[in-house]
Amino acid sequence: MNKRKIYNVTSACAKLIKTFVKQGHTHVVFNALFYRNGKKLNSIENAAIANFSPLVISYDKSENPDKVKIEFKSADDNILIWSKVFEFHDADAELPKSLAGFNGLGEAEVNELVQRKFSEMERSKELERLSSELTKAQALNDELQYQVSDMQASLDAKKQIEYYSSVIGMALPGLAKFFTGTPVGTAINFLSGADESTAQLEAGKEKDPNQREAILELIQTFCNGLSNQELGTMYLLLSEIEKDKAVLKTILDLITQNHPTPQS
């Protein structure tokens, strides 16, 4: 018999015994009839209620019943005071089903351990996935930052080109005056959007057919022999002269001072 079951029986009956005095029963005895598989076993008859718990527990151990009938009677007139049958065929059912026939961890405990392990594995996989996504996001962020930097550099370079193109575009018409009638002048007029014939007409108003033409031809020949860097320097020089023609005399004075005439 399940120990918990028999102790429940003795505990319930012990509480009941305390009520007998209040009911006026001063001399009470008890019978305990034990059964297993419908067969009657050794029993306790007309025993003092003071010995109820130890006797019932002792017989339970020796008889191992699946049913017990408890009777309380008056010792004076043998009248039945209280009677009840306790069956224990459902003793195994009282245990968790997972523990029946299992000496180790129960099914609930095993399921809990498995679920915990599975949850840990899922968290580990999720952590790996998030770590991988973070790595990819960082790589993408680095690539985007590089693209932004490259685009910014390209934009800055474009702005520089547009700026210098604007400066050159404004300067070309003035430079064309110095190369009128030459292939260089034609190219400059084309780049600046000016008509070379118009520039030639404007320049021809002040042109001396003799010496002036010879000087211009000399200047043209000289410029044709210059490198690109020297030609650019010449352009800057001519631009300053164009702003203030008095600069011509200053330049000439400077040149003559730097190259004194040798004394004989």
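The values are calculated or read from the model by the stated rules, or taken from the named source; none is laboratory data. Being a predicted model, the structure only gives us computed values, none of them experimental. Note: ideal-geometry Cβ built from the backbone for every residue, glycine included; neighbour counts use all protein chains shown. Side chains are part of the model used for accessible areas, which takes the heavy atoms of the whole protein and leaves out ligands, DNA and RNA. Shrake-Rupley method; radii C 1.70, N 1.55, O 1.52, S 1.80 Å.
Structure data summary
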{"read-out": "Cross-link table 18/84; 22/67; 40/69; 5/69; 5/67, entries beyond 19 Å C-alpha to C-alpha", "value": "22/67"}
{"read-out": "Stretchable slack from residue 234 to residue 139, in nm (0.36 nm times residue separation minus alpha-carbon distance)", "value": "28.9 nm"}
{"read-out": "Rough spin-label spacing in nm, given labels placed 7 Å along Cα→Cβ, for residue 108 and residue 62", "value": "3.7 nm"}
{"read-out": "Calculated FRET value between residue 147 and residue 226, using beta carbons and R₀ = 41 Å, to 0.05", "value": "0.40"}
{"read-out": "Residue 120 accessible area, 1.4 Å probe, all protein chains in place, Å² to nearest 10", "value": "90 Å²"}
{"read-out": "Potential lengthening between residue 31 and residue 18 on full extension [0.36 nm per residue; Cα-Cα distance subtracted]", "value": "3.0 nm"}
{"read-out": "Of 79, 42, 31, farthest towards positive along the dipole that unit charges on Lys, Arg, Asp, Glu beta carbons give region 26-85", "value": "42"}
{"read-out": "Rounded to the nearest 10 Å², the accessible area of residue 69 at probe 1.4 Å", "value": "60 Å²"}
{"read-out": "Spin-label model distance (nm) - residue 43 vs residue 126, 7 Å beyond Cα toward Cβ", "value": "6.5 nm"}
